[in-house]
Amino acid sequence: MRKQIIAGNWKMNNTVAEGIKLIEDLKPLVKDAKAEVVVCVPFTFLSEASKILKGTNIKLGAQNVHFADKGAYTGEISADMLLELGVKYVIIGHSERRQYFGETDETVNKRTLQALAKGLIPIVCVGESLAEREADKTEEVIKTQIVNGLKGLCDVSRIVIAYEPIWAIGTGKTATKEQANETIGYIRKVCAKAFCPDCAAKVTIQYGGSMNPKNVSELMAMEEIDGGLIGGASLKAEDFSKVVNF
Ligand code: PGA
């Protein structure tokens, strides 16, 4: 049995005051969740979030980490800084980072290796654009992202992979359960070949892209899908708790 992980990706939403309210509302609603529950909050909220999450079943996540230990990298954040605040998970290579902030498979790779070396669990995002899917390039794109983005990893089961088709993110357009299952199955196959069959069988692979209370149960019922990375629906306690308690 693979570990099931449902992670909220708050993106650039919620001030500290708003974050506190959301977490306090969420706590009682998710306390009996069978899956691991994670909230990936903005950097400005990490310190407060780690205090109010103590003693709960909700784990803390960040949305990026730099590959250097420290130094002249204005605007970046180091693994040690995150660890000091009780962060366990970190999203790496989200399509919005790739699209708007020049993130590449190479930087994704460096950030992932650094996060692992420091003891954080990377949630590495991969996914194709609509044009790539329509041109029948989904597998080619995903394979490149996995092989280059995860180069040098000894045990791929130490990370979490999030398959997020770009055309499904924030659009209300979900991949069908068959599409998501098929592509995640393909990711597992690529991992088996690039790393080892045993760790590929064990790695948790999430689906992300307009996952919500309505579609979560059918997606989670699919054999290859081990969890979700949730944007919009993680910003309301009731919606997120319904996803978590799928
Ligand atoms: P969404 O975002 O659930 O709003 O589509 C998912 C993500 O970008 O991680």
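The values are calculated or read from the model by the stated rules, or taken from the named source; none is laboratory data. Quick caveat: nothing in here was measured; it's all calculated off a predicted structure. So basically every Cβ, Gly included, is an ideal-geometry build from the backbone, and we count neighbours across all protein chains shown. Side chains included, ligands, DNA and RNA excluded: accessible areas come from the protein's heavy atoms. Shrake-Rupley method; radii C 1.70, N 1.55, O 1.52, S 1.80 Å.
Cross-link reach is defined here as a Cα-Cα straight distance under 17 Å, omitting same-chain residues fewer than 8 places apart; for Lys3 the aspartates and glutamates meeting it are Asp32, Glu36, Asp155, Asp198, Glu223, Glu224, Asp226. When Rg and Dmax are taken over the Cα atoms of the chain, they come to 16.7, 48 Å. Rounded to the nearest angstrom and listed largest first, the equivalent-ellipsoid semi-axes of region 129-245 from its Cα gyration tensor are 24, 17, 12.
Checking the Cα-Cα distances for Lys70/Lys236; Lys59/Lys118; Lys11/Lys151; Lys202/Lys242; Lys21/Lys118 against a 28 Å cut-off, the pairs over it are Lys70/Lys236; Lys21/Lys118. Split the accessible area of the chain by element, probe 1.4 Å, and carbon with sulfur accounts for 52%.
What accessible area per residue, rounded to a whole number of Å², is obtained for region 176-238 using a probe radius of 1.4 Å?
42 Å²
Taking Cys154, Cys191, Cys199 in turn, the Gaussian network model of the chain (Cα-Cα springs below 10 Å) assigns the largest fluctuation to Cys154. With the charge dipole of the chain set up from +1 on Lys and Arg Cβ and -1 on Asp and Glu Cβ about the Cα centre, the Cα lying farthest toward the positive end among the listed residues Pro165, Val30, His66 is that of Val30.
Pick from Gly231, Gly102, Gly61 the residue whose mean-square fluctuation is largest in a GNM of the chain, springs joining Cα atoms under 10 Å. Its mean-square fluctuation being the largest, the pick is Gly102.
Projecting the Cα atoms of Val87, Met222, Ser241 onto the dipole axis of the chain, where Lys and Arg carry +1 and Asp and Glu carry -1 at the beta carbon, places Val87 farthest toward the positive end.
Hey, can you find the accessible area per residue of region 35-111 for me, probe 1.4 Å, expressed in square angstrom? Don't jump to the answer; show the numbers that get you there.
On the way: 3550 Å² over 77 residues.
With all protein chains present, region 35-111 gives 46 Å² per residue.
Taking 51 Å as R0, compute the FRET efficiency from the Cβ-Cβ separation of Ser47 and Glu178 and round it to 0.05. Intermediate values should be presented prior to the final figure.
Working: r = 42 Å, r/R0 = 0.83.
For R0 = 51 Å, the calculated efficiency reads 0.75.
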